[in-house]
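Below is one structure, written out as structure tokens, with a few remarks after it.
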Amino acid sequence: MGDLEALGLRIGLEIHCQLTNLRTKLFCSCSSDYRGKEPNTVLCPVCSGEPGALPVLSEAAVEDAVMVALALGSRLSRRTIFSRKNYFYPDMPKNFQISQYDGAGGMPLALGGQISLTEDKSVRIRRIQLEEDPGKLSYEGTIETSPVTLVDYNRAGIALIEVVTEPDIDSPREARLFLQKLRSILEHLGVSDGSLSGAMRCDANISLKGGKRVEIKNISSFKDVERALSFEITRQRSLLGRGLAVKQETRHWDDARRITVSLRVKEEEMDYRYFPEPDLLPIVLSDEYIEKIRSRMPPLPEERKRRYVQELGLSPEVAEALTGSKNLADFFEACVRLYPDASKVGNWLAGDLLAWLNRMELEIQESKVTPRHVVEMLQLIGKGTISGKIAKRVLELMMKTGEMPSVIVEKEGLVRIQAAGELEEVVERVFKENPDAVRDAIAEEKAVHFLVGQVMRATRGRADPQLANQLVRQRLRGLRKAEG
């Protein structure tokens, strides 16, 4: 962190979150279920910009956006308007976007607010606005070399909220953590499913001391936000180190090559030529309306985290990991209903299970593991059928195959060895194969651990550790007596 501070690093994010629980687009009755549909089939005269077609605002979208603003502690504007953002938009049939702007006679839906990353670090929110999503561009090859640009307008008009932060983020890792926390809040509110492809996209603004601000577009995953920012820090640092200028521009994140490439010189606000949208009435929010929305809000991640710590006895670190995703927190609670030792459940989920999810780049709902898998594994540990070490192997196979733990244990021969007779044969073999270690263990207490470790290794971790330790020491005592 100190090295990044010395660079004068400043990072701000612009996050576009689709309101995925809505049935229609923002300004028309077209279905919001556009994924998997044939290109350019989810369209109507309104969202395709036909002459004379007038937009009608979705009230449900306003309710969701107000709820998000309240959850982030933002100040809601009592009166706000929509504006036309005019620019060359090949992915907008109208060639302009209906958005909000703190100018042109209006204000964004909300200003201010924050998200706490740690006890002593928060990221401030600059504004929250409601707008429509553009369509989707795709290329044959890379954006630089493709001779053809394909446009699918099905997504055009989908309701978005844009959350813009202040440049309070100090590292790529903090940027990723901020996005994870924002996604969890949106999921808990029930307004957006950030795990859906494209439902949560991010533009990042980054600058180093001595250079201009650069915007990175087309970042669609949390890992790629971290990768894109890390690449850009290296690129800008290299330029500045060679005495070259870092120009203000917009760059595209190429997730295949994991590099940023230049798109265009960065626009100023005046380039968008905002002016009030003449076909939409202002949004006026009364105190009564706002309180009605507030009363319907479900518990948020921070409240859930406090309950896990205070009522279930989880550590703050485990509670933090579990509430980083609503689906993971729901999964945890489903496990606890079946297996009431919340601490054991939480430790396994926040530790080994979450590590495997990250390694396989899966969300918990996408994995093959269910609460019953986890509970059965914990029951096998509790009965002494398998050890904690063997359980790690069982979890790995559960993640990869989806088989139940009992099936895996039987198929792989992973039942813990608790019979002294069977384990004595292994101890005898280990003593014969390691005569030098045996001599060391007779003379030095610490050397005993090596022999015990060899027994555990020979049984692939299936030996009962206490029994293995007992039998090794018993065999050593016999040898000492024979020598004495």
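The values are calculated or read from the model by the stated rules, or taken from the named source; none is laboratory data. Because the structure is a prediction, the values reported are computed rather than measured. All Cβ positions, even for glycine, are placed from backbone atoms using ideal geometry, and neighbour counts span all protein chains on display.
Considering 474, 454, which residue is surrounded by fewer than 16 Cβ atoms within 10 Å (Cβ to Cβ) and polar (S, T, N, Q)?
On the way: 454 fails: surrounded by fewer than 16 Cβ atoms within 10 Å (Cβ to Cβ).
Of 474, 454, the one residue that is surrounded by fewer than 16 Cβ atoms within 10 Å (Cβ to Cβ) and polar (S, T, N, Q) is 474.
Here are some conditions: (1) among the aliphatic types (A, V, I, L, M); (2) assigned by TED's automatic domain parsing to the domain that holds residue 63; (3) farther than 23 Å from residue 65 by Cβ. Residue 321 meets all but one. Which one does it not meet?
Failing condition for residue 321: (2).
What number of residues within the stretch 159-186 satisfy the criterion of being closer than 14 Å to residue 14 by Cα, buried (at least 20 other Cβ atoms within 10 Å of the Cβ) and either touching a Lys or Arg at 6+ places or on another chain (Cβ under 7 Å) or β-branched (Val, Ile, Thr) (or both)?
Number of matching residues: 5.
Which pairs do you get when a residue that is assigned by TED's automatic domain parsing to the domain that holds residue 86 and farther than 19 Å from residue 138 by Cα, found in the stretch 31-55, comes within reach of a residue that is outside any loop (DSSP other than H, G, I, E, B) and not hydroxyl-bearing (Ser, Thr, Tyr), reach meaning Cβ atoms under 7 angstrom, with the pair 6+ apart or on two chains?
55/98
Go through the stretch 268-380 and tell me which helices (runs of 4 or more DSSP H), entirely inside it, have 1 or more residues that are of a type in the set (Lys, Arg), under 27 Å from the mean Cα position of the chain (by Cα) and modelled with pLDDT of 95 or more.
Values: elements: 287-295, 301-310, 316-322, 326-338, 342-348, 354-360.
Of the helices (runs of 4 or more DSSP H) lying wholly inside the stretch 268-380, those with at least 1 residues that are of a type in the set (Lys, Arg), under 27 Å from the mean Cα position of the chain (by Cα) and modelled with pLDDT of 95 or more span 287-295, 301-310, 326-338, 342-348.
Of everything in the stretch 138-158, what is in a loop (DSSP other than H, G, I, E, B) and buried (at least 17 other Cβ atoms within 10 Å of the Cβ)? Give them in sequence order. Can you show your working first?
Applying the first criterion (in a loop (DSSP other than H, G, I, E, B)) to the stretch 138-158 yields 140-148, 156-158.
Matches in the stretch 138-158: 156, 157, 158.
Scan the stretch 56-74 and give yes if some residue there is within 28 Å of residue 263 (Cα to Cα), of a type in the set (A, V, I, L, M) and part of a loop (DSSP other than H, G, I, E, B), otherwise no. Outline the logic, then answer.
Looking only at the stretch 56-74, we keep the residues that are within 28 Å of residue 263 (Cα to Cα), and these are none.
No: the stretch 56-74 contains no residue that is within 28 Å of residue 263 (Cα to Cα), of a type in the set (A, V, I, L, M) and part of a loop (DSSP other than H, G, I, E, B).
Taking the conditions exactly as written (within 20 Å of residue 71 (Cα to Cα), surrounded by fewer than 19 Cβ atoms within 10 Å (Cβ to Cβ) and in contact (Cβ under 8 Å) with a residue 24 or more places away in the chain), does residue 191 satisfy them or not?
Values: within 20 Å of residue 71 (Cα to Cα): yes; surrounded by fewer than 19 Cβ atoms within 10 Å (Cβ to Cβ): no; in contact (Cβ under 8 Å) with a residue 24 or more places away in the chain: yes.
Here the answer is no, as residue 191 does not meet what is asked.
Identify the residue in the stretch 314-367 that is basic (Lys, Arg) and closer than 23 Å to residue 382 by Cα and, among all such residues, is surrounded by the fewest Cβ atoms within 10 Å (Cβ to Cβ). Let's see the steps before the verdict.
Just the residues of the stretch 314-367 that are basic (Lys, Arg), to begin with: 326, 337, 344, 359.
Next, from what is left, pick out any that are closer than 23 Å to residue 382 by Cα: 337, 344.
Numbers: 337: 10, 344: 16.
Per the criteria, the residue is 337.
Working only within the stretch 159-193, note down all residues that are hydrophobic (A, V, I, L, M, F, W, C) and in a strand (DSSP E or B).
At the first step, the residues of the stretch 159-193 found to be hydrophobic (A, V, I, L, M, F, W, C) are 159-161, 163-164, 169, 175, 177-179, 182, 185-186, 189, 191.
Passing the criteria: 159, 160, 161, 163, 164, 169.
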